[in-house]
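Q: One structure, pasted below without further comment.
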Amino acid sequence: MTTQAARDRRTAEPTPVTAAPVGRRGVELALILLAVFLSVCGYCAVGLARTGHLPPDAVRHGAGLGVLALLAHLAVRLRAPHADPLPLPIAVLLNGLGLVLIHRLDLETPGDRAAPAQLMWSTLGIGLFVAVVWLLRDHRVLRQATKACGISALVLLVLPVLFPAVNGARIWIRLAGFSLQPAEFAKVLLVVFFAGHLAVHREALAETGRRALGPVVATWLLSVGVLVLERDLGTSLLFFTLFVILLYVATGRLAWIALGLALLSAAAVAVARVEPHVRGRVADWLDPFASVEAGLGAGQIAQSLFAFSAGGLFGEGLGQGQSILIGFAAKSDFILATAGEELGLAGLSAVIVLYALLVERGYRAAQLTRDPFGRLLAVGLASLIAVQVFVIAGGVTGLIPLTGMAMPFLAQGGSSVVTNWVIVALLIRLGDAANRDPADGDTAEREPADVEPAYSDPAGGTREGGEPADGTREGGTRGGGEPADGARGGGGPAGGRRAVAGP
């Protein structure tokens, strides 16, 4: 082999992925203890501000949160030792801060306490986190359930239509005092479905033919249906935006993003003109102080803006704000206003940075994951959190029209907190598979037995579904006379030899 040929071969070879050190579990444990400590400090600060003394159950509150966090850490240490050390502590801190803020607002509404139920849902969420980390050894198992996840997601999205509207939107199922939001569970199933579908058809979608437009139009129509039937702008926006993001990641074509934005804008404008609930939210966004000027008092958006303004740079202090004036959604949709008023711009920025770090670690796992489905799944889960944070923060600050979504981990909502713990568990499982050295027996490096293998592309890519990327078939030959089964000169399984060009 000549020197130039050797140099070209080294250039063509992919850079190996370095395995993450197992010792980072100690870093994770230290960060978890810090997260629990900060949560307990916030709980005590609320008690001091409201009553002048420490809450009598502060130790019990801290012990309960600490035990749950340590159980989650133990599951990661034993079953995902190569996982990223940041997602779990971030989730613990955000969940702990959410419990503090909800408890603080409960003190203003003694007859409507939400913190105990939120703690119960958080316990269930951490339990599911442990179950996913412990039982899901290979994320590619989810790929086998692509169609089942898509069908289940559609059923969950349609179910609320059969129940009465709550606050103008049909997003809840209420039975015998029990309520949940099916869309919260559907969004994770949709990520699995989108990732599995696009991993198989990404090459066809990279083309601009009419056949490639089918999934885009179908998804758009479905999101419009959710918007019209359920009057849920948030779920519709999240649903379609997520698909467009994954479509872009799978194909690398900016044209899909432009087309997605055009379709989404057209649907939003059309529905806003005919649907009073959506039209009212757009009107509040365009002029949040209209009710004040009309002498009717401040609406929710106006009260939220007043809360952010009162917080200033360092906030009023935990337990000393007036965000309860926002009304019925103060503990859910507008929980970020309480954080802004009582923690100030500095505290609110710290919360946003925590979300940004969580999303960044998800994208990092996607970069290191070695299979297309895993990459798309990690991007989808991370984007799920990113889009929710943007939509909710933008809505309560007046940047975009308000939607009925819950801030991940912070807001009141059992369905939301449980789903977000499952998302973090999947990100940790993906991070462990991405960081694991193949020499250590990485199960994610091998395709499941019932998944069709990928064939090598002469240009360095792969195509799934059993067909080589250059269009040749089994038993044929590649350019240059090389058998498709990879046999070399000297004979092979089929007796083929490499053709040698003459001078």
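The values are calculated or read from the model by the stated rules, or taken from the named source; none is laboratory data. Just so we're clear, the structure is a prediction, and the values are computed from it rather than from any experiment. In this analysis, Cβ positions are derived from the backbone assuming ideal geometry, glycine residues included, and neighbour counts consider all displayed protein chains. Remember, those area values only see protein heavy atoms, side chains included, never the ligands or the DNA or RNA. Shrake-Rupley method; radii C 1.70, N 1.55, O 1.52, S 1.80 Å.
Q: So residue 24 passes all but one of these: (1) open to solvent by 30 Å² or more (accessible area, probe 1.4 Å); (2) farther than 30 Å from residue 106 by Cα; (3) modelled with pLDDT of 95 or more. Which condition number does it fail?
A: (3)
Q: Spot the failing condition for residue 216; the list is (1) modelled with pLDDT under 80; (2) β-branched (Val, Ile, Thr); (3) open to solvent by 30 Å² or more (accessible area, probe 1.4 Å), and only one is missed.
A: The one condition residue 216 does not meet is (3).
Q: Let me ask something else about it. When you go through (1) buried (at least 19 other Cβ atoms within 10 Å of the Cβ); (2) over 30 Å from residue 326 (Cα atoms) one by one for residue 281, which number turns out not to apply?
A: If we test residue 281 against (1) buried (at least 19 other Cβ atoms within 10 Å of the Cβ); (2) over 30 Å from residue 326 (Cα atoms), just (2) comes out false.
Q: Would you be able to tell me the number of residues in region 367-398 that are assigned to a helix (DSSP H, G or I) and not aliphatic (A, V, I, L, M)?
A: Adding up the residues that qualify gives 11.
Q: Conditions: (1) in contact (Cβ under 8 Å) with a residue 40 or more places away in the chain; (2) open to solvent by 20 Å² or more (accessible area, probe 1.4 Å); (3) under 13 Å from the mean Cα position of the chain (by Cα). Residue 427 meets all but one. Number of the miss?
A: Condition (2) is where residue 427 drops out.
Q: If we keep just the residues of region 322-334 that are part of a loop (DSSP other than H, G, I, E, B) and of a type in the set (S, T, N, Q), which is farthest from the chain's Cα centre (by Cα)?
A: Residues of region 322-334 that are part of a loop (DSSP other than H, G, I, E, B), as a first pass: 322, 327-334.
Those still in the list that are of a type in the set (S, T, N, Q) too: 322, 332.
Values: 322: 31, 332: 19 Å.
Once the filter is applied, the top-ranked residue is 322.
Q: Moving on. Name the residues in region 255-277 that are surrounded by 16 or more Cβ atoms within 10 Å (Cβ to Cβ) and in contact with a Gly (Cβ under 9 Å, 6 or more places away or on another chain), would you?
A: Step one: filter region 255-277 for residues surrounded by 16 or more Cβ atoms within 10 Å (Cβ to Cβ), giving 256, 259-260, 263-264, 267-268, 271-272, 275, 277.
If the condition is that a residue be surrounded by 16 or more Cβ atoms within 10 Å (Cβ to Cβ) and in contact with a Gly (Cβ under 9 Å, 6 or more places away or on another chain), then 277 is the only one that fits.
Q: Condition test on residue 337, is it open to solvent by less than 10 Å² (accessible area, probe 1.4 Å), under 21 Å from residue 156 (Cβ atoms), in a helix (DSSP H, G or I) and of a type in the set (Gly, Ala, Ser)? Don't jump to the end; show me each part of the working.
A: Working: open to solvent by less than 10 Å² (accessible area, probe 1.4 Å): yes; under 21 Å from residue 156 (Cβ atoms): no; in a helix (DSSP H, G or I): yes; of a type in the set (Gly, Ala, Ser): yes.
Answer is no for this residue.
Q: Provide a single number: the residues in region 72-90 that are under 15 Å from residue 135 (Cα atoms), surrounded by fewer than 23 Cβ atoms within 10 Å (Cβ to Cβ) and among the hydrophobic types (A, V, I, L, M, F, W, C).
A: 3
Q: I need the full set of residues from region 399-416 which are in a helix (DSSP H, G or I) and modelled with pLDDT under 90, in order please. Steps first, please.
A: Initially, region 399-416 is screened for residues in a helix (DSSP H, G or I), giving 414-416.
Matches in region 399-416: 414, 415.
Q: Oh, and also: Examine region 243-254 for a residue that is of a type in the set (Val, Ile, Thr), open to solvent by less than 30 Å² (accessible area, probe 1.4 Å) and touching a Gly at 6+ places or on another chain (Cβ under 7 Å), and state whether such a residue exists. Steps first, please.
A: If we filter region 243-254 for residues that are of a type in the set (Val, Ile, Thr), which is where we start, we get 244-245, 249, 251.
Those still in the list that are open to solvent by less than 30 Å² (accessible area, probe 1.4 Å) too: 244, 251.
Going one step further and asking which of them are touching a Gly at 6+ places or on another chain (Cβ under 7 Å), we end up with 244.
Yes, region 243-254 has at least one match.
Q: Please indicate, with yes or no, whether at least one residue in region 80-103 is of a type in the set (D, E, K, R), out of contact with any Asp or Glu (no Cβ under 6 Å at 6 or more places or on another chain) and more than 30 Å from residue 325 (Cβ to Cβ). Reasoning before the result, please.
A: Let us first name the residues in region 80-103 that are of a type in the set (D, E, K, R), namely 84.
From the residues that got through so far, the ones that are out of contact with any Asp or Glu (no Cβ under 6 Å at 6 or more places or on another chain) too are 84.
Cutting the leftovers down to more than 30 Å from residue 325 (Cβ to Cβ) gives us 84.
Within region 80-103, one or more residues are of a type in the set (D, E, K, R), out of contact with any Asp or Glu (no Cβ under 6 Å at 6 or more places or on another chain) and more than 30 Å from residue 325 (Cβ to Cβ).
Q: Turning to a different aspect of this structure: Could you list, in sequence order, all residues of region 349-383 that are open to solvent by 20 Å² or more (accessible area, probe 1.4 Å) and of a type in the set (S, T, N, Q)?
A: 349, 367
Q: Would you say residue 413 is within 17 Å of the chain's Cα centre (by Cα) and farther than 24 Å from residue 361 by Cα?
A: Values: within 17 Å of the chain's Cα centre (by Cα): yes; farther than 24 Å from residue 361 by Cα: yes.
Taking the combined requirement at face value, the residue satisfies it.
Q: Output the qualifying pairs, or none if there are none: Cβ atoms under 6 angstrom, residues six or more apart or on different chains, first residue in region 248-273 and touching a residue at least 60 places away in the same chain (Cβ under 8 Å), second residue among the basic types (Lys, Arg) and surrounded by 13 or more Cβ atoms within 10 Å (Cβ to Cβ).
A: From region 248-273, the pairs are 250/202.
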